[in-house]
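Working notes, structure below.
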Amino acid sequence: MFQLFIYIGCAFILISGVALGAWTTPEQQRRNFNSEQPSDRRTRNKVATWSFVLALICLAIAGMINWLE
């Protein structure tokens, strides 16, 4: 169960990073920012925020499971 929550938490962190474009160069980030609509940007930020929150929750649960064992 511990490993399951670790994997889920890591997957949500990866989703958050992809949604934010965290692994792109600054030039690519500027191009992406200037080419997208503000409504798309808000949606992308919501996806990134909620996936990061879910990642923190899953990792906290994994930490509690590890602490209680």
Where in the chain are there helices (runs of 4 or more DSSP H), lying fully within it, with 2 or more residues that are of a type in the set (D, E, K, R) and open to solvent by less than 90 Å² (accessible area, probe 1.4 Å)? 38-68
Matching option when the condition is touching a helix residue (DSSP H, G or I) at 6+ places or on another chain (Cβ under 9 Å) and at pLDDT below 95, among R31, R41: R41
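The values are calculated or read from the model by the stated rules, or taken from the named source; none is laboratory data. Keep in mind it's a predicted model, so treat the numbers as computed, not measured. For neighbour counting, all protein chains shown are included, and Cβ atoms are generated from backbone atoms with ideal geometry for every residue, glycine included. Protein only, heavy atoms only, side chains kept; ligands, DNA and RNA dropped before computing areas. Shrake-Rupley method; radii C 1.70, N 1.55, O 1.52, S 1.80 Å.
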